Structure formats: structure tokens, C-alpha cells
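Reviewing the structure listed below.
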Amino acid sequence: MAVARFAGLEARGVEAVVHDPDALTSGFWAVVVTFEGELTAVRMGEVSRGAPPAVDAGWAGLAGEWRTSLDRDGYVAAVEEVRARIAVGTVYQVNVCRVLEHDLPDDASMLGLGAVLARGNPAPYAATLDLPEAGLEIACASPELFLQRRGDLVRSGPIKGTAPTAGGLLPKDYSENVMIVDLVRNDLGHVSRPGTVEVEALCRLEEHPGLVHLTSDVAGRLRPGTGWREVLAATFPPGSVSGAPKHTALRAIADLEPVPRGPYCGAVGWVDADRGEAELAVGIRTFWAARTDDGRRVLRFGTGAGITWGSSPEGEWAETELKAARLVALAAGRPVASGTVCA
């Protein structure tokens, strides 16, 4: 049976698949929005609350090298181009990403990979979606909240700033975080009642397996009658994985990244329309199964870095390597060192 697992929730049985956010008016939905903006929502028939039982469907580690959409030279060139655009004032920060890809056996289960991630990299917004009839086969270990909804209260928890330890955080990390907080405040302001948007926490330190993050919390009260179409139009894609100003950052991403990001850097989570609740993570630390044009099944994983004027092109490439190391090692079935990080 089709399964969607989230922190504290398990849903089974597909009742409907839609691509229209206006349909999210009743029922419980597993929701994925690609970075490019394509929404897939799956209405689930049964929902169990409380921690889902640990189920290990088995996962055979993936041997061999992963292919990458941007090699070292290509990524360094992209960073240099972003710095050139910053120099002339068209953008302040751009998140530049690349997508890793590995052949995947047809019988490989995303439930198995989800169990591997739950053991090796537990995350507050973890999700495993085994919904092939909806085109969703995803194992996500995201630490980042895109949008939480409780009635008319919406909250976002953008992450900017990653290091193995707190002592490794740089001034650049703090300035990036503040920049993105300002962007998120602006996004929420488009759909919130005047005077209700506030920064609840700024640059707080969070510890995760093998790394620390700087996380901020921004909240607002939605205007009466605001639906998911309006909320997503105002806030998507997440500012922490696009850049600032968002419209020129997205133009740079379109120019410089050779493949779509898909669920990576999009949104992964659930909407319980009957309860007026929702929790959508930013789709980082996310694997997804896909088919190539010639029919091969592949597993994909994204990694990236936020580029500012102070960025070192070689240093940012190294950051993407560092950020991918832990999760790629888990998918490969290799032992993971305690200090290995990922994003």
C-alpha cells in the first residue's frame, strides 16, 4: 500500500492526486512542490498520529561514483559569474546548486532508504514518500522548516550558515541569514495581516548530526480567506535556497544551473485541511527516484551553497562536496564519520 511518513505521522492509501493548490480544502494531503513550482498533492485515506513504527524495507548500498550536473570547473565558473553579477548590483546573493545522480535498481525501495536516513541522519522534518502512482518516491532528511500553519498562524524557519562546529561559522554566514530573514519577512507580509509579521528568533544555533546551523524564525497571521494558492505564490520558492532579491536570484539560477532541481530545494510535507494545520519542509537533504529519457531508473540528490561577494569559488565547491558527504555515504552503505556533514 502507498505510504507517506513524516515526523509523528503516517498516512496510507491514495484517494486522489491533484496539482491544484485550490483543492486543498478538506482531507489530509501529502504535498511536494518542485523548486520549479509544480505541485503534486496526494489525498491519503488513513492517517495515524504518533511516531510511525520503525520499518526497514531493506536498502542495498549504491556502489560507484555519482554523476554531477556541474563538475568542479563548471561550478567554479558559476560562482564567478554570480560574483560578477553582484559586482554590478543586479543581485546580492544566489544559491548555486548541482544535482548528483546514480543508477538505481528497479526494486530499490525508498522506504528502505528512508529507514537508513532515520538511523544515520535523524531530522526534525524527515519524510519518506513511497507513492509511485503519483510520481513521488522521496526520502528526505530536512532540518529546515519552509512553512508551518496552525489556523491563521504561519511560521517559517530559514537556515543560512552551516559549519562542522559553532567556531567554524563565519561573518558571511550571519550576514546571509539576516539577508534571507528580511526576504522571508517581505514574503509573509504579502499574505499576512498588517503588523503581524515578526522575527521570533534571529541566528539561533541549531545542532544536527555532524554540523551546526544558524536558524531564524519568522511568523505572521494570515489575512482572512487566504488559501494555499496565495500563500505559495507569495512565499515560493524558499528564500534560503534561492537568494536575494529573489527575482534576480532565480534568473541567475535559470542561467547557470543546467538541470531542474525537482523536489530538491522545493517543499516536502503535509497539509491537514480539516484541522487547518500544515508542515512543509524545505526539500534539502533529499533523495528522489526518477526516470531518465531512455527509461533508466536513477536516484538524485542535490547539494549547493549560498554565493555572496565574499565567496571563494573553490571554497564554495568544497562546501558542496562537504555538504553531500554524509548522506551520499549513507546511501552507499558506507560507515559515516561523526564529523561528516551534509545539507
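Remarks
- Scanning the stretch 236-266 for residues that are among the hydrophobic types (A, V, I, L, M, F, W, C) and outside any helix (DSSP H, G or I) yields PHE236, ALA244, VAL259, CYS265.
- Conditions (1) over 17 Å from LEU9 (Cα atoms); (2) at pLDDT 95 or above; (3) acidic (Asp, Glu); number of the one not met by ASP107: (2)
- Contacts under 7 angstrom Cβ, first residue in the stretch 188-211 being under 18 Å from GLN148 (Cβ atoms), partner of a type in the set (Lys, Arg) and open to solvent by 90 Å² or more (accessible area, probe 1.4 Å), 6 or more apart: VAL191/ARG223; SER192/ARG221; SER192/ARG223; ARG193/ARG221; ARG193/ARG223; THR196/ARG221; VAL197/ARG185; VAL199/ARG185
- Set ALA77, ALA84, ALA54, ALA41: member being within 29 Å of TRP270 (Cβ to Cβ) and modelled with pLDDT of 95 or more: ALA41
- Residue pairs whose Cβ atoms lie under 7 Å apart, sitting 6 or more positions apart in sequence or on different chains, and linking a residue in the stretch 314-328 that is more than 18 Å from VAL212 (Cβ to Cβ) to a partner that is surrounded by fewer than 19 Cβ atoms within 10 Å (Cβ to Cβ), are GLU314/VAL76; TRP317/ARG72; TRP317/VAL76; VAL328/TRP66.
- All positions within the stretch 158-185 that are over 29 Å from PRO224 (Cα atoms), assigned to a loop (DSSP other than H, G, I, E, B) and either among the polar types (S, T, N, Q) or under 19 Å from the mean Cα position of the chain (by Cα) (or both): THR165
- Residue match in the stretch 21-31 (condition: touching a strand residue (DSSP E or B) at 6+ places or on another chain (Cβ under 8 Å), closer than 30 Å to ALA329 by Cα and at pLDDT 95 or above): yes
- Test: residue in the stretch 300-316 that is closer than 19 Å to ILE180 by Cα, part of a helix (DSSP H, G or I) and either of a type outside the set (Ser, Thr, Tyr) or at pLDDT below 90 (or both): yes
- Scanning the stretch 148-167 for residues that are out of contact with any His (no Cβ under 9 Å at 6 or more places or on another chain), in contact (Cβ under 8 Å) with a residue 24 or more places away in the chain and closer than 23 Å to LEU211 by Cα turns up SER156, GLY157, PRO158, PRO164, THR165, ALA166.
- Criterion: open to solvent by 10 Å² or more (accessible area, probe 1.4 Å) and not in a strand (DSSP E or B) - qualifying residue of GLU279, GLU319: GLU319
- Top-ranked residue in the stretch 134-157 [being open to solvent by less than 10 Å² (accessible area, probe 1.4 Å) and outside any strand (DSSP E or B); ranked as nearest to LEU183 (Cα to Cα)]: GLU144
- Residue in the stretch 216-227 that is open to solvent by less than 40 Å² (accessible area, probe 1.4 Å), β-branched (Val, Ile, Thr) and in contact (Cβ under 8 Å) with a residue 24 or more places away in the chain present: yes
- Some residue of the stretch 63-70 being under 30 Å from GLU176 (Cα atoms), within 17 Å of the chain's Cα centre (by Cα) and not charged (D, E, K, R): no
The values are calculated or read from the model by the stated rules, or taken from the named source; none is laboratory data. Keep in mind it's a predicted model, so treat the numbers as computed, not measured. Positions of Cβ are backbone-derived with ideal geometry, glycine not excepted, and every protein chain shown enters the neighbour counts. What goes into the accessible areas is simple: the full protein's heavy atoms, side chains included, and nothing from ligands, DNA or RNA. Shrake-Rupley method; radii C 1.70, N 1.55, O 1.52, S 1.80 Å.
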